[in-house]
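Presented below is the structure to which this report refers.
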Amino acid sequence: MTSYGFLGLGIMGRAMATNLLKAGCEVVVWNRDPAKCEPLLELGARRGESPQEVAARCELTFAILADPAACREVFFGKQGVQAGIGGRRGYVDMSTVDAGTAGEIAAAVTERGGRFLEAPVSGSKKPAEDGALVFLAAGDKSLFDDATPAFEVMGKKNFYLGEVGNGARMKLAINQVLAGMLAALGEGLALGQQAGLAGEDIVAVLAEGAMANPMFKLKGPAMLAGEFAAHFPLKHMQKDLRLAQALGEEVNQPLPAAAAVNAIFKRACVAGHGDEDMAAIYRVMKQ
Ligand code: NAP
C-alpha cells in the first residue's frame, strides 16, 4: 500500500487527510503547530517529525499550506521537504500559490531526483469534508497517475493541465470569478437592505433566476445572519486576488473589476476580518 505524507492540517488539510485515513490509507502527518496532528493521530495517522522526514519516508507527500511564503518555508526551510525528497518519490503541493513559486519548487524537486505535481483545489471546507474537491493538477504526468487514487478519495474530479504553473494560473483565474461574485452578492444585499428590502427576499429572488448558484445559497444567508466562522479565510482570498493581479501584470491583461474587488478584501483584512470567512467582506460593505 502506498504511504502518503501530509503536510498542513488547516481547514482543508485536516478534512482531506481525514478522508484518506477513513479510506484505509496509511498517512504520516506533520503540521507546524503539532497540536493539530492530534485528531488525525486518533484516527490512525502516524506523526512525522519534520517535512524532511515525511518526504524521505513516504512514496508520495501532499501539502496544503497557507500561501507562497508557507510553501517556500516548508520546502526550502530547515528540515524542509527539499532535504528529504528524491528517489522518484512524489511531492504534490495543493496550496494556492503563484506559478513562479510552483515552478521554483518543481525545479528543486526534479534536481533532487523526485517528481513534482501542483494540484490546487477548487471547493471549500464542506467539499473537503465530503470528498468532493476538484483538483487542478499540472506537472509530472506519472505522478498525476500515481496520485489519482488519493485524488479520487479526496475529490470528485481531476483536471490534468500540462506544464507546472497551469494549475496555479487556473486556480487564480477561477478564484477571481468567485471573489467578484461574492462582492456583487454583498453589495446587492447591502443596497437592497439600505433601500428597505428584506435581505431574505433578495436571496430568495436570486435563487429563482439565472444567477442562482450554490455559493449565493450558502453565503447569502451567512452574510445576513452575521455567521462568519471561516470556511475559506478572507485573508487567503485576498492573497489569491493579489496573486491574480500579479498574473495580470505578467501577461498584460487589465483586471479593473478584480482590482476593485481586491481593494474591498484588503479593507476587510485591515479592519481585522482576515481570519473570518471570506463572506465577512459584507461587514465592511454594511458600515
Ligand atoms: P488554514 O486553515 O489557514 O491552514 C493553513 C495551513 O498552513 C496550516 O496548516 C498552517 O500551519 C500552515 N502554515 C501557514 N504558514 C506556515 C509556515 N510559515 N510554515 C509552515 N506551515 C504554515 O488554510 P486553509 O483554508 O486550509 O487553506 C490552505 C490552502 O488551500 C491555501 O493556499 C488556500 O488558499 C487554499 N484553499 C483553501 C480553501 C478553503 O475554502 N479553505 C479552498 C481552496 C483552496 P499552522 O496550523 O501551524 O498555522
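The values are calculated or read from the model by the stated rules, or taken from the named source; none is laboratory data. Predicted model, so just to flag it, every value in this text is computed and none were measured. A quick note on method: Cβ atoms are made from the backbone with ideal geometry, for glycine too, and the neighbour counts reach across all protein chains shown. SASA here: full protein model, heavy atoms, side chains in, ligands and nucleic acids out. Shrake-Rupley method; radii C 1.70, N 1.55, O 1.52, S 1.80 Å.
Where does each of D93, D201 land when they are ordered by accessible area, with a 1.4 Å probe and the largest first?
My answer, sorted largest first, is D201, D93.
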- Query: Once the Cα atoms of helix 234-250 and of the chain are each reduced to a long axis, what angle between those two axes, in degrees from 0 to 90 to the nearest 10, is obtained?
  - Reply: 80 degrees
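Provide the percentage of antiparallel DSSP beta bridges, counting only those with both residues in the stretch 26-158; round to the nearest 5. Intermediate results must be reported in sequence, preceding the final value.
Details: 4 of 17 bridges.
Counting only bridges with both partners in the stretch 26-158, antiparallel ones make up about 25 percent.
Mind checking the stretch 160-218 for trypsin sites (Lys or Arg not before Pro) that DSSP puts in a loop (not H, G, I, E or B) and that have at most 10 other Cβ atoms within 10 Å?
Details: sites: R169, K171, K217; in loops: none.
The qualifying sites: there are none.
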- Specify the angular offset, from 0 to 90 degrees and rounded to the nearest 10, of the alpha carbon long axis of helix 141-154 from the longest principal axis of the alpha carbons in the chain. 60 degrees
- Query: For R88 and A260, what does the FRET efficiency come to when R0 = 45 Å and r is the distance between their Cβ atoms, rounded to the nearest 0.05?
  - Reply: 0.45
- Item | Integer Hz, Karplus 6.51/-1.76/1.60 couplings in order for the stretch 18-32, x for Gly and Pro | 4, 5, 5, 5, 5, 7, x, 7, 7, 10, 10, 10, 9, 9, 3
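Just to confirm, what accessible area per residue do you get for the chain at 1.4 Å probe, in whole Å²?
Values: 13050 Å² over 287 residues.
Solvent-accessible surface per residue comes out at 45 Å².
May I ask you to derive the relative contact order of the stretch 167-253, considering only C-alpha pairs under 8 Å and at least 6 residues apart, and to give it as an integer percent?
On the way: 38 pairs, mean separation 36.0, N = 87.
The value is 41 percent.
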- Query: Using a ≥ b ≥ c from the Cα gyration tensor of the stretch 7-151 (square roots of the eigenvalues), is it rounded, prolate or oblate, where a/c under 1.5 gives rounded and otherwise the larger of a/b and b/c decides, a/b for prolate?
  - Reply: rounded
- Note on the structure: Restricted to the chain, the DSSP antiparallel beta bridge percent, nearest 5, is 15 percent
- For the chain, calculated [θ]222 nm from helices alone, where every DSSP H run of n ≥ 4 adds -39500 (n - 2.57): -16500 deg cm²/dmol
- Quick one: accessible surface of T96, probe radius 1.4 Å, all protein chains present, in square angstrom to the nearest 10. 20 Å²
- Item | Residues whose placed amide H lies under 5 Å from that of V28, excluding near-sequence neighbours | Y4, G5, F6, R46
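Let me make sure I get this right: for the stretch 71-119, a, b and c are the square roots of the gyration tensor eigenvalues over alpha carbons, sorted descending. Under 1.5 in a/c it's rounded, otherwise prolate if a/b > b/c, else oblate. Which is it? Could the numbers behind the result be given before it?
Values: a/c = 1.75, a/b = 1.25, b/c = 1.40.
Judged from the Cα gyration tensor, the stretch 71-119 comes out oblate (a/c at least 1.5, b/c at or above a/b).
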- Query: Got a number for carbon plus sulfur as a percent of the chain's accessible area, 1.4 Å probe?
  - Reply: 54 percent
- Message: Compute the distance from the alpha-carbon center of the stretch 83-137 to that of the stretch 187-235, in whole Å.
- Response: 33 Å
- Item | Karplus-derived HN-Hα couplings along the stretch 268-285 (A = 6.51, B = -1.76, C = 1.60, θ = phi - 60°), whole Hz, x at Gly and Pro | 5, 5, 4, 6, x, 9, x, 8, 7, 5, 4, 5, 5, 4, 4, 4, 7, 6
